[in-house]
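All remarks here apply to the structure that follows.
Values in this text are rule-based calculations from the coordinates and carry no lab data. Because the structure is predicted, anything quoted here is derived from the model rather than measured. In this analysis, Cβ positions are derived from the backbone assuming ideal geometry, glycine residues included, and neighbour counts consider all displayed protein chains.
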């Protein structure tokens, strides 16, 4: 599978930069991609991470349903409450 054929998540890059990046990685082998990944990580290390936005509208947190008792037994017939 080439990099161009891979599913690409939404990018913060402008279209012209995204096209350049896609052309750069097209046809690279695994070792080259790993090297490029480390190179990019090293460049990013000098910049603060972007702030993450919280998207409203998720499900509310689940509420505890009540008490739960777990009981188990052994093959010898001896049982112990947990």
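A protection proxy built from the mean count of other Cβ atoms within 10 Å ranks the segments 36-43, 67-74, 20-27, most packed first, as 20-27, 36-43, 67-74. Which distance in nm do the two modelled labels at residue 37 and residue 72 give, with both placed 7 Å along the Cα-to-Cβ direction? For residue 37 paired with residue 72, the spin-label model returns 3.8 nm.
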